[in-house]
Each structure stands twice: as structure tokens, then as C-alpha cells.
1. Just to be sure I understand the filter: pairs with C-beta atoms under 6 Å, separated by 6 or more residues or on different chains, first member in the range 37-50 and farther than 16 Å from Q351 by Cα and in contact (Cβ under 8 Å) with a residue 60 or more places away in the chain, second member of a type in the set (V, I, T) and not in a loop (DSSP other than H, G, I, E, B). Which pairs pass?
2. Just checking, which of S129, S194, S150 is farther than 26 Å from Q240 by Cβ and touching a residue at least 60 places away in the same chain (Cβ under 8 Å)?
3. Could you go through the range 64-72 and let me know if any residue there is small (G, A, S), at pLDDT 95 or above and within 22 Å of the chain's Cα centre (by Cα).
4. With respect to N445, is the statement that it is more than 22 Å from L34 (Cβ to Cβ) and of a type outside the set (V, I, T) true?
5. Given the condition under 28 Å from I192 (Cβ atoms) and within 28 Å of the chain's Cα centre (by Cα), answer yes or no: does some residue in the range 100-117 qualify?
6. Taking the options V215, V222, name whichever one is at pLDDT 95 or above, within 18 Å of V260 (Cα to Cα) and assigned to a strand (DSSP E or B).
7. So, in the range 245-273, exactly how many residues are under 23 Å from G136 (Cβ atoms), more than 24 Å from the chain's Cα centre (by Cα) and assigned to a strand (DSSP E or B)?
Amino acid sequence: MRRPAFRKAVKGAQISKTASVPAPIRGWNTKDPLAEMDPTFAVNTENWSGRSTDVRVRRGNANHVTGISGQVESLMPYNAQGGTQTLFGAAGSSIYDFTTAGGVGSAVVDSLSNARWQHVNFTNSAGDSYLCCFNGADAPQYWDGSSWTSITASSSPAIVGVTATTLINACVFKRRLYLVAVNSLSLYYLPIDSVGGTVNATRLDGYFSKGGYIVSCETWTVDGGEGFDDHLVVVSSEGQVAVFKGTNPSSASSWALAGVWNLGEPIGRRCMIKYKSDVTLLTVEGVVPLAKALQSSQIDPSTSLTFNIQEAIQASSEAYKSNFGWEMTVYPQDNQLILNVPVREGSEQQQYVMNTLNGSWWRWTGLAANCWAISNEIAYFGTDGGVQLFGTVYADVGANIATDIQQAYSYLGSRGRLKSLKSARPNILANGNPSVFVGVSIDFNSIPVTNPASFTPLFSGIWDSGTWDSAVWSGDISTFTDWQTVFAVGTACGLRVKTVSNGLDLRLAATDYLYEFGGVVG
């Protein structure tokens, strides 16, 4: 049998070497070739979340509101001028108040056609705050802080000049409410400071040369070099984006087109959100920040926030883009941008999650989220029969969180040279005793991991037990640094770790390898 031949060491010489590889803090990468990928990336990742110093098991969820009939498909926070926030949501044919945890109460609005509502908060100069909701099938629903109103041509407030039941999306731009209707290339707008009245329409047929219909609109704050200015962004179903500046679309002297760009077809009605000082657009080609994307007439893949997971996002959009549930949510408290990916409507969802500090991407499973919202600085998601509170626990409604990660391959400083790996030591930190399964994949062949690692935690000093000036004092995190025996020969290696934990803060900081250099193949 042909096998690697290892040189005999000179008597007394050191034959084993060690190398340390940082944790894959740069996250998931589906873009680069395996042989060229930096080892601080991960080839695949499930239920991990990245930081600048380590990777950690994602947080979990707990019941917030239960006993709801049907799928919760919309969550709509209401932000009153005084700072009071109320969380509303829609399921089945009803809208509910989900602010208080526990069993669901009576519906606040009933007899609706569907639960797929888009919403916007609007506060006028008099200090009146409204939550304005649209689904393109029912009369728009407004909450003014004390009561709900079904908006028609004769209600108070009223919308006149367009069939109110066709309105499906909206945004606020320079104190006006702009409205999007189903299957229309006309953008409607109300008088300044008003949530009702007679609408005017600006036709965008001439701007959107590819046809289709308006999907969404949003305010975009642009720094033009002489200060900040707001622009109105309108996106069509064919992926064309029109940008306008000014204050009154009915006046040629105070309204102008800044340009029209082709950026890829948007996915779903909830395809745009404000992110930092920019607006991001979810397209079949990825999540696009407008500030970079609008520098050319066509989308440059490298400007996409999802550039490192380009193949994954394009494959998912091709397979699932017609499913309801695509949505982006910024979760500032954990420095995350959450992209919801509906694999199967109402039953199976994944989340592609970006760390907003370093741009790393991660894939989550096990969270059956139809929609997301942030209310009172807390993240919630809607699911079948309930609303879940996310991010305060390390379990999924009391159940285990299972993870898997395959780190990109490292040549351990000697590209192309054979190594015989003897041991690996993943540096794991946890506030308990997790179940950890460790293996080392060789030369781009990811191995199955079935054997548990044997770990003994390094406990820190305990108050009233540790010896003063001798014990190490710290928090409740312990370090697991036991060497694990491995038998592998190859040129490149990559750690694979699976964990099962419940209620634990579990982290991976780095991996050490013990190996010998190989010679020629004999």
C-alpha cells in the first residue's frame, strides 16, 4: 500500500509541531473556492452567531403570546409620540394586541381577508400618532392610540380618489403619506400632515420601462456632499428603482427624478428597510445597499451585503421566492440584521443573519418565524399559533439548540505539504457542560461527526472557596481545553464541531493542532 513516508527524526529533536487557528469569526462563505478560503470563514454553519473575538451558539426563544388561531403573519409595532410602544399583529382573519405576554385576548379587528399586512407609523406636526396598515384586499386599518378605524371613502379619516381596498404598502416622505396600490404603476400621496383626504397620483409608467407594478417605497437619506437630504425610493416588480427628490410631486419646480436603476427583482412586499443611514433592498441577487448599488446602472455583486453568501442567497431566492415570509429586520441590541427565508410557508423557515459590526453571515434553523418585529428594544417573531420572544434565553421554548459548523480549511502555514495530525484542541467556553462532538475534516472532504469529545472544564475561583491571591476570579464561564485524539493525514484540515445545549452560553474561540510533517509519498 502506498502511504505517506515521514522522515525519521534526529535523536533528541522535536518532531511534533503545533499550530493555532482562530475561530471562523468571519462567518459563512459560499463564494470562495475551498482551497482558497481563509480559515476564519466557515464552509457551513448552523445555529452559530459571530462576534469579533469568538463564535457563539445563537440565542433561543420563549413563548410570549399563545393560543392564537392560525399563522401569525404580521407584527406591527405602534410607536406613540410619548415613547409608549404597543405590539399589534395579525393572524387568520384578525388583528390582535400582542403587547402583554400570556394567552391571546380578543381580536381588536376581525372579519379580515388575510393576515399579510404592511404598516407604517405616521406622526403629524400636531403630535397625533397613527399606525397605518394595508393588505391590498381589505380596507386599510388605522390605530390612533385609542381606537381602530377601517378606512374608506366615507370614514373619518377617509381616503378619496383611489379604491382603498387596493392599497397594499406605504411610506412616509417629507411629512406626506405615500401609498402603493395592487398591480399599479401609479404612486398615490396625501396632503402634508394627513393620513386621510383626497389623494393625488403620480404615474411612473414612463420611468419604469420594463413595466410591472410598484412593489414598495421608502425614504432614503443621502449625503450629497453639502449635507443630508431625503430622497424617495420607489421599486418596481421588475427590479427597477426610481429615485426622486423634492417636496411636491404635483409641482415641476419642486419635484425631480434623480435617476432610474436596474437592481434585480425584489422579493416580496417587505423588500426594503432602513439600515443605518442607508436603505437596503432584498432582491433575487442579494441584499443590496442603495448607497453603493446606485453608483452604476447595473448591480455589482460585490456591493451586496450578501456577497460572501451569494450562491446560497441566489439558490434560496430561486427555490423559495414565491413563498410568503421574506423579510429583513434590524436587531440593534444584538448587532444583527435578520433575513427571514421561508423554505415552506408556515412550517419551515431559516434565517440568514449578518453581524452588523463585522459583516459576517450565519445560518439559523429551528425558528419557525413567519415575520419579525422589534418592540421596546426586544425581538419578536410570529409563528403558527403564537408570538415568540427572541434573544433572552439559550433554548428554543425549553428544547435543546443543536448546532453544526465546518470551519474553512487551513494549511497550517505549509501549503501543499503533508501533515499527520495527532490531536486537536478546540478552545470552548461555556457556563455549563454542553454535549460537544468534534472531528477534523481533511483536504476538503467534510466528515460526519458522531463521537462526543471528552472535556474537563477549567473552573475559576469560587467566592469563599478559592484561595485568595491564588485562585483565578472570573464570571460563570469555564474554559474547555482538552486535547482530542485524531488520526488524519493530508495537506489541509478544518475543524467540524456539533453541539447540543440547553440554557448555556457556549462559545468557540480557537483550535490548536498537534501534527508532524510528512515527506514524499512512498
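The values are calculated or read from the model by the stated rules, or taken from the named source; none is laboratory data. On a predicted model such as this, the values are computed, not experimentally measured, just so you know. Please note: Cβ atoms are built from the backbone with ideal geometry, for glycine as well, and neighbour counts cover all protein chains shown.
1. Listed by first residue and then by second, the contacts come to P39/V21; A42/I405.
2. Within the list S129, S194, S150, the selection yields S194.
3. No; the residues of the range 64-72 include none that is small (G, A, S), at pLDDT 95 or above and within 22 Å of the chain's Cα centre (by Cα).
4. On the way: more than 22 Å from L34 (Cβ to Cβ): no; of a type outside the set (V, I, T): yes.
Spelling it out, it is not the case that N445 is more than 22 Å from L34 (Cβ to Cβ) and of a type outside the set (V, I, T).
5. Yes: the range 100-117 contains one or more residues that are under 28 Å from I192 (Cβ atoms) and within 28 Å of the chain's Cα centre (by Cα).
6. That would be V215, the only listed residue that is at pLDDT 95 or above, within 18 Å of V260 (Cα to Cα) and assigned to a strand (DSSP E or B).
7. Qualifying residue count, the range 245-273: 0.
Okay, residues lined up against (1) at pLDDT below 90; (2) farther than 23 Å from R203 by Cα:
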residue	(1), (2)
L232	no, no
A242	no, no
A252	yes, no
M272	no, no
L282	no, yes
